[in-house]
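Peer 1: What follows is a structure written as structure tokens; I'll ask about it next.
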Amino acid sequence: MLAAQRNVLIVFFPFAFSSICTGEMLEIQLNIDEFVNDRVQVVGVSCDSTYALKAWAAREGYRFPLLSDFWPHGEVARAYGAFHEASGMAVRATFLVDQDLLVTWSLVHGPGEQRPIGLLHEAVRGL
């Protein structure tokens, strides 16, 4: 059986460079020690290209991975039920995956709905 070395907080977001997504990722960056440590690793995932994500991460100074679900377009987001077909983007969905690769916590918001970042803090503090 496969197992992860740490819990993983997967944070799907619609678009790099958008205002709500930038604010949410900034909150994670400002609290990086809470989201990246010996218990948990946060990763951001969107359907943007790797080039867009690399440019955005460099501009904003993110110190956590941003992963591209560009091709096959939205395949990972679809697997998590976090893909919005009509707009071709991931919704604001967050999943905490434990070391046995089981989803132990989730939070899903539709297009235009901002996720309450405080709930992400609570999820990782509960590890």
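The values are calculated or read from the model by the stated rules, or taken from the named source; none is laboratory data. Note that this is a predicted model, so its numbers are computed, not measured. Note: ideal-geometry Cβ built from the backbone for every residue, glycine included; neighbour counts use all protein chains shown. When the accessible area is computed, the model is the full protein with side chains, heavy atoms only, and any ligands, DNA or RNA have been set aside. Shrake-Rupley method; radii C 1.70, N 1.55, O 1.52, S 1.80 Å.
Peer 1: Run through the DSSP bridge list for the chain and note the antiparallel percent, rounded to the nearest 5.
Peer 2: For the chain, the DSSP antiparallel bridge percentage is about 60.
Peer 1: While we're looking at this one, here's another question. Need one number: nm distance between label points at SER18 and LEU127, each 7 Å from Cα along Cα→Cβ, rounded to one decimal.
Peer 2: A separation of 2.7 nm, rounded to one decimal place.
Peer 1: Related question: Could you work out the local net charge near ASN37, counting Lys and Arg as +1, Asp and Glu as -1, over the other residues with Cβ closer than 12 Å to its Cβ?
Peer 2: Counting the neighbours of ASN37, the net charge comes to 0.
Peer 1: Using a 7 Å offset from the Cα along the Cα-to-Cβ direction at both ASP38 and LEU26, what is the distance between the two label points in nm, to one decimal?
Peer 2: So the two model labels end up 3.3 nm from each other.
Peer 1: I would also like to ask the following. Taking the radius of gyration and the Kirkwood hydrodynamic radius from Cα positions alone, what is the Rg/Rh ratio for the chain, to two decimal places?
Peer 2: 0.93
Peer 1: For region 1-96, calculate the relative contact order in percent as a whole number, restricting contacts to Cα pairs under 8 Å that are 6 or more residues apart.
Peer 2: Once normalised by length, the contact order is 36 percent.
Peer 1: Using a probe radius of 1.4 Å on heavy atoms only, what accessible surface per residue do you get for region 1-117? Whole Å² is fine.
Peer 2: 52 Å²
Peer 1: How many nm separate the modelled label positions at GLU75 and VAL103, each set 7 Å beyond the Cα in the direction of the Cβ?
Peer 2: 1.9 nm
Peer 1: Something else now. THR50 to LEU119: extension gain in nm, 0.36 nm per residue of separation minus the Cα-Cα distance?
Peer 2: 22.1 nm
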